[in-house]
Amino acid sequence: MRNILFLSALILLFNACSKPNTKTITVAGSTTVLPVVSTAAEQYKKAHPDTRIIVNAGGSGVGVNQVGSQKIEIGMISRAITSQEIDQYPDTSFQTHSIGKDAVVPVVSSEIFDSGVTSLSLEQIAKIYRGEISNWKELNGPDKDILVIDKEKSRGTRHVFMKIVMGDKEADAPGADLVLGSNNEEQTAVVQSDAAIGMLSNAWLNEDVKGISIIMPDGEVIEPSLNNIINGSFPITRNLLLVTNGDPVGGARKFIDFILSKEGQDIVTQNGYVSIVQ
Amino acid sequence: MLVSYNKIGKGYIMLSTYISMLIALLIFIVLFINSFDAISQVGLKLFTLEWNPSKNEYGILSMLYGTLSVTVIALTIAIPLGIGTAIFTSEILPSAYRIYVKSIIELLAGIPSIIYGLIGIAFFSTWIASFFELASGRTILTAGILLSIMILPTIVTLSDDAINNVPKKYREAAKGLGLYPFEVIKNTVLPIAKKDITGAILLALGRALGETMAVMLLIGSIDKIPTPFYNVLSPGQTITSKLGREIGESAFGSLHFSALNTMGFVLMLLVIILTLITQLYLRKSNRLYE
Amino acid sequence: MNRKLTNAVFKIFVWAAMAASFGILLFLISVLFWKGFGAISFDFLFTPSSNFGAEGGIVYQIVGSILLIVFATLIAFPLSLGFAIYKSEYVKSSYVQNITDTLIYGLNGIPSIIFGIFGLIFFVNLLNTGISWFVGSIILAIMILPTIILSTYQAINSIPDSFRENALALGLTKWQLITTTLLPRGLSGAFTGLLIGLSRAIGETAPIMFIATAFSGVTIPVGFFEPVSALPTHILALAQQATNPQALQNAWGTSLVLLLLVLIFSIAALWRRVKFSKIEY
């Protein structure tokens, strides 16, 4: 009995403490879009102390699902919404908002890059993922088995990468050795190995994780540089999107407008992506 | 007044009983209902190799294999190590120290599995990779070794209890026959403690089957059976790691969700049956082991 | 001679097994303390995290974890106390005893990720609560129910029947008998069980990662149906960045804080068990 009284007292106390005018916006989805949105959220809260923005990871698939089942206001996605996903949620009218541009870059361990494998054609990459090339030797690299790192099927980075490389966004990758999730996890696995190939958002490249250039069918070699992403010559690019159910209203509208503003677009650039203004 | 307190009291007791029992049944029913779509629509094709939600292929064999192989590795390492250690703590260690050593082991059993995962990623996977000269240390073996460490405390403490519960007079009698300590333990102590040690192993098995976080971070998460199948230095996938990685991105109500659910349901049944066998038939004590 | 040799081999095996087991356990503990102490500071404990947890501290993760288990306690404790009294004082038939035993042990055997899936289906989707810390508390409460029930049941059941007979002979009602005679012992047992349960609940990741927690931007929740951050899910996010030294450092720090919280509960439980096991009637 005492416990029940105590419980109700605590609930009352708990509700009394909460400020009813505080607005909470929940966001979840792609780990590629995550850095932009969580930095933007931190900035936005400074100007709007009565708004709380809760940001969660999980991948593009999670973002679409949770907006679809109307559990969150804003989803983060780094790929297009599939027709299956639209069919799954007939009560939701997905509306996307482009907030920036990014490239998906084939990456290799620094040991491979330093040994001279700095560019590959899309066909070569596809062969690696199909399991038809399994040793770096075949690509003029060291005599080492290729550690092919794939991503979970609903991840945005994978959809974009597979669409361009294999021609189908949900293509199977029989050559894959590991299947990982977030950009962070993929980056870690590439660094820990000395013979890995993977796919990463441009913003995750560093001295241990080298983005390789792509040899186009006409022989031109295109580096994954910001310039090439801006002018559209790098072949695997995508829009970073926010998705809402219908037109966003209230706090969600204001927050999206903030990301689209000059200040918000600066955050996009600082995080290593390309602003939509450019 | 007294009578009404009596009634309220009984009401509270009955209510909490009904709620608790309802919850236990609810978990079972909810998982069963959500598995139904996959069982009826995918049917026996669940027992195939291909898992590809976009093509409506839901074969769970790779996951079953992964769960099985990781568990076998974990038990192969943990059983001899654990029983050996238990023989040490119960037969060799002076009994004054036994309570302290046991307490420490029991505390270690409480280390959260996500911390094992972190240690696995930071140390074990790199060690395995360099020791076997592999491209990646995320393998079935790595997950199995880590799992063996996680279940070791369970086996040690319970086997220690089992051995220690064997009455002294049996040992005295055996020693009186001029047997060596090894023969005393092998011929007299272990046969008597056998039932309880089996219980310890079954409980550890249950824990290994259901372990998620550490395995999910370390196994490489690829839905494949390695070639050849005993090559445990390849990555794989267990039921739990599959659930941990995919359930969030499958839409509730879809066939994909239902197929994942079915795997979870199968795993749950397996572990519950193991637990019930151990608790209800092998051990008569009421202590709960985790 | 052969027997002697076997005995010697056996002896070596036992010592080696012991050395290996304790070597491993010692390694785990020293890694956690060694790496963890380097990361923990006043700032780390009392500032919010930023930049994916690679910078800043873990104050809201600590708050979230504690919130989760406080409410898990509030839900699980009264339920298990009632169930345990029922099981000990009201159940007469061994058939019903068997049913309750099966339910309790069955519930205890369910793998933790299954609880997460149950929560995802039943609360987050069917009851449409969304990602909510309160749902996390309910799920953790369900997980620790069996532990508290059994601990309470044992405590009450160990009270000799003569106490009950005397009380009833004095004209006490059943409820008075329960409150005056059985509850004090029962509460003590329930408390020990609660500590064991909480030491497990606070470290669980799989049950709460789909249903209760969010990654960043979480402060103190203002309602029941909001996510929180928690220590174990924070470690999960950081473990995925294991090659970023800053993130890894924070992961070790978070692990040590979590481990210390687990140890507080489990040492308290152990101490109570040793202390109260001496009571004899």
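Some values worked out for this structure:
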item	result
Above-threshold pairs, the threshold being 26 Å between Cα atoms, out of A:K163/B:K224; C:K11/C:K35; A:K163/A:K210	C:K11/C:K35
Whole-number accessible area per residue in Å² for chain C, which is evaluated in the context of all protein chains at 1.4 Å	37 Å²
Interface area, A with C, accessible, probe 1.4 Å, both sides summed, Å² nearest 100	2500 Å²
Two-site FRET efficiency, C:Y95 against C:F276, from Cβ-Cβ distance with R₀ of 41 Å, rounded to 0.05	0.85
Dipole axis of the protein assembly as shown (+1 Lys, Arg; -1 Asp, Glu on Cβ), positive-most option in A:I149, C:I104, C:A237	C:I104
For segment B:2-284, size of Cβ-based charge dipole, Lys and Arg +1, Asp and Glu -1, in debye	880 debye
Protection proxy ranking of A:230-238, B:104-112, B:146-154 - average other beta-carbon atoms within 10 Å, highest first	B:146-154, B:104-112, A:230-238
Globularity ratio of the protein assembly as shown, using Cα Rg and 2.2 N^0.38 Å	0.99
Heavy-atom surface of segment B:207-273, accessible at 1.4 Å and reported per residue (Å²)	26 Å²
With every protein chain in place, chain A: carbon and sulfur % of accessible area (1.4 Å)	51 percent
Calculated FRET efficiency for the pair A:N206/C:D43, C-beta based, R₀ 22 Å, to 0.05	0.25
Surface share of carbon and sulfur [accessible, 1.4 angstrom probe, percent] for segment C:71-134	64 percent
Within a Gaussian network of chain A (alpha carbon springs, distance under 10 Å), most fluctuating of A:V209, A:V221, A:V105	A:V221
Segment C:E55-C:N128, extension gain: residue separation times 0.36 nm, minus the distance between their alpha carbons	22.9 nm
Size of charge dipole - the protein assembly as shown - debye, nearest 20, with Cβ of Lys, Arg +1 and Asp, Glu -1, no other charges	3600 debye
Value of D in µm² per second that Stokes-Einstein yields for segment C:40-277, Kirkwood Rh from Cα pairs, at 4 °C (1.567 mPa s)	67 µm²/s
Chain lengthening between B:L26 and B:L44 when straightened (0.36 nm per residue, less Cα-Cα)	3.8 nm
Value at 222 nm in deg cm²/dmol, rounded to 500, when DSSP H runs of n ≥ 4 in chain A each add -39,500 (n - 2.57)	-11000 deg cm²/dmol
For segment A:236-249, 3J(HN,Hα) per residue [Karplus equation, 6.51 cos²θ - 1.76 cosθ + 1.60, θ = phi - 60°, Hz, x = Gly/Pro]	10, 10, 7, 8, 8, 10, 10, 10, 10, 8, x, 5, x, 10
Shielding of A:184-191 by partner chains, average beta-carbon count, 10 Å	6
Of all accessible heavy-atom area on segment B:2-284, the percent that carbon and sulfur account for (1.4 Å)	70 percent
Only Lys, Arg (+1) and Asp, Glu (-1) charged, at Cβ; segment A:103-230 dipole about Cα centre in debye	360 debye
Distance in nm between pseudo-label sites at A:T118 and A:A47 (7 Å out along the Cβ direction from Cα)	4.2 nm
Selected from A:S109, C:G197, B:L46, residue furthest toward positive end of dipole (the protein assembly as shown; charges at beta carbon)	C:G197
Fraction of antiparallel bridges per DSSP, the protein assembly as shown only, in percent to nearest 5	60 percent
Where B meets A: accessible area buried, both sides, 1.4 Å probe, Å²	2000 Å²
Shielding by partners, peptide C:49-58 (average Cβ within 10 angstrom, other chains)	2
List C:Y95, B:Y65, B:Y18, ordered by accessible area with a 1.4 Å probe, largest first	C:Y95, B:Y18, B:Y65
Span-like helix ranges in chain A, DSSP H, alpha carbon extent 18 angstrom or more, Kyte mean at least -1.0	A:2-17, A:34-47
Within chain C, helix-based [θ] at 222 nm, where runs of 4 or more DSSP H residues each add -39,500 (n - 2.57), nearest 500	-23000 deg cm²/dmol
Loss of accessible area when C meets B, both sides summed, Å² nearest 100, probe 1.4 Å	7700 Å²
Candidate lysines - alpha carbon under 27 Å from B:K7, same-chain residues fewer than 8 apart omitted	C:K87, C:K92, C:K174
Residues losing 30 Å² or more accessible surface upon assembly, segment B:19-35, compared with the chain by itself, 1.4 Å	B:S20, B:M21, B:I23, B:A24, B:L26, B:I27, B:V30, B:L31
Which of C:F134, C:A84, C:I159, positive extreme of dipole for the protein assembly as shown (C-beta unit charges)	C:I159
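The values are calculated or read from the model by the stated rules, or taken from the named source; none is laboratory data. From a predicted model like this one, the values you see are computed outputs, not experimental measurements. So basically every Cβ, Gly included, is an ideal-geometry build from the backbone, and we count neighbours across all protein chains shown. Accessible surface is based on the protein model in full, side chains and every heavy atom, while ligands, DNA and RNA are left aside. Shrake-Rupley method; radii C 1.70, N 1.55, O 1.52, S 1.80 Å.
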